[in-house]
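The values are calculated or read from the model by the stated rules, or taken from the named source; none is laboratory data. Since this is a predicted model, take the numbers as computed values, not measurements. Positions of Cβ are backbone-derived with ideal geometry, glycine not excepted, and every protein chain shown enters the neighbour counts. The area values use the complete protein model at the heavy-atom level, side chains included, leaving out ligands, DNA and RNA. Shrake-Rupley method; radii C 1.70, N 1.55, O 1.52, S 1.80 Å.
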Amino acid sequence: MDLPDQRGFVIWFTGLSGAGKTTLAQKLKSRLERQGLNVYLLDGDVLRTGLNADLGFSPADRRENIRRAAEVARLLVEEGYCVLATFISPFHADRQKARQIIGAHRFKEVYLKCPIAICESRDVKGLYQKARAGLISDFTGIDSPYEVPDHPEVVIATDQLPVEEAVNKLYDELFDSNG
């Protein structure tokens with residue numbers, strides 16, 4: 001993936017709610033835009049308020065959520081955008097399907113590794129608390145599984161790195177021309 005060319009590609013951020021997907025993507029977006037790239041942040045929470053508002057959190061709905069997101073990302077990639085996709089995307093098969101839809105050569109998976117206790121402490125919406133109280137069902141990490149990626153292109157331990165260091169590591173691992 002060459003940075004100087006404006007060829008479309010997707011950086012797919014996956015991890016538990018509260019792992020830092022949107023936070024890191026926003027910082028990376030700013031950095032890439034300063035370098036002249038056309039960048040689009042495709043955020044899972046935003047998509048669920050519009051295009052995917054009709055979907056719940058059952059395995060079938062999660063699969064459809066990721067399929068739709070991948071189709072939108074593919075359209076943006078075809079127009080030359082760098083798409084930063086931030087989705088919990090808890091199931092390996094769904095992430096693989098997204099890679100297939102977008103094209104493996106244009107898809108980089110970034111796993112944001114973070115212990116659930118840290119994710120819960122970052123939860124400003126109180127979703128984990130609601131899930132533990134039984135008010136939200138099928139919540140990833142509580143009563144629905146998260147399948148850790150087998151071979152992501154990048155792993156960032158967001159509980160161990162400050163945001164700026166995490167963005168630098170992510171940038172270096174994705175765009176370093178020597179890597």
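Regarding ARG34, is this residue among the charged types (D, E, K, R) and either open to solvent by less than 80 Å² (accessible area, probe 1.4 Å) or out of contact with any Phe, Trp or Tyr (no Cβ under 8 Å at 6 or more places or on another chain) (or both)?
yes
Does GLU165 fit the bill of being modelled with pLDDT of 95 or more, within 15 Å of the chain's Cα centre (by Cα) and open to solvent by 70 Å² or more (accessible area, probe 1.4 Å)?
Values: modelled with pLDDT of 95 or more: yes; within 15 Å of the chain's Cα centre (by Cα): no; open to solvent by 70 Å² or more (accessible area, probe 1.4 Å): yes.
For GLU165, the condition - modelled with pLDDT of 95 or more, within 15 Å of the chain's Cα centre (by Cα) and open to solvent by 70 Å² or more (accessible area, probe 1.4 Å) - is not met.
Just give me the residues in the range 109-139 being of a type in the set (D, E, K, R), modelled with pLDDT of 95 or more and open to solvent by 50 Å² or more (accessible area, probe 1.4 Å), in sequence order.
LYS113
Yes or no: LEU47 assigned to a helix (DSSP H, G or I) and under 20 Å from PHE107 (Cα atoms)?
The answer is yes for LEU47.
Inside the range 91-135, counting only helices (runs of 4 or more DSSP H) that do not spill past its ends, which hold 3 or more residues that are closer than 18 Å to VAL148 by Cβ and not acidic (Asp, Glu)?
Fully inside the range 91-135 and qualifying: 92-102, 116-121.
Pairs under 9 Å by beta carbon, first residue free of Cβ contacts under 8 Å to residues at least 40 places away in the same chain in the range 135-150, partner polar (S, T, N, Q), six or more apart or different chains?
Cβ pairs passing all conditions: LEU135/GLN129; ASP143/SER137.
In this structure, does GLU164 turn out to be over 26 Å from ALA69 (Cβ atoms) and touching a residue at least 40 places away in the same chain (Cβ under 8 Å)?
So GLU164 passes the test.
Filter the range 6-31 down to the residues that are within 17 Å of PHE107 (Cα to Cα) and of a type in the set (D, E, K, R), then identify the one that is least open to solvent (accessible area, probe 1.4 Å).
Going through the qualifying residues, I end up with LYS21.
Residues in the range 19-42: is at least one touching a residue at least 12 places away in the same chain (Cβ under 8 Å), of a type in the set (Asp, Glu), outside any loop (DSSP other than H, G, I, E, B) and out of contact with any Cys (no Cβ under 8 Å at 6 or more places or on another chain)?
Among the residues of the range 19-42, not one is touching a residue at least 12 places away in the same chain (Cβ under 8 Å), of a type in the set (Asp, Glu), outside any loop (DSSP other than H, G, I, E, B) and out of contact with any Cys (no Cβ under 8 Å at 6 or more places or on another chain), which makes the answer no.
What single numbered condition from (1) at pLDDT 95 or above; (2) open to solvent by less than 70 Å² (accessible area, probe 1.4 Å); (3) among the aliphatic types (A, V, I, L, M) fails to hold for VAL148?
Just one mismatch for VAL148, condition (2).
Out of curiosity, is TYR40 at pLDDT 95 or above and open to solvent by 40 Å² or more (accessible area, probe 1.4 Å)?
Numbers: at pLDDT 95 or above: yes; open to solvent by 40 Å² or more (accessible area, probe 1.4 Å): yes.
Answer is yes for this residue.
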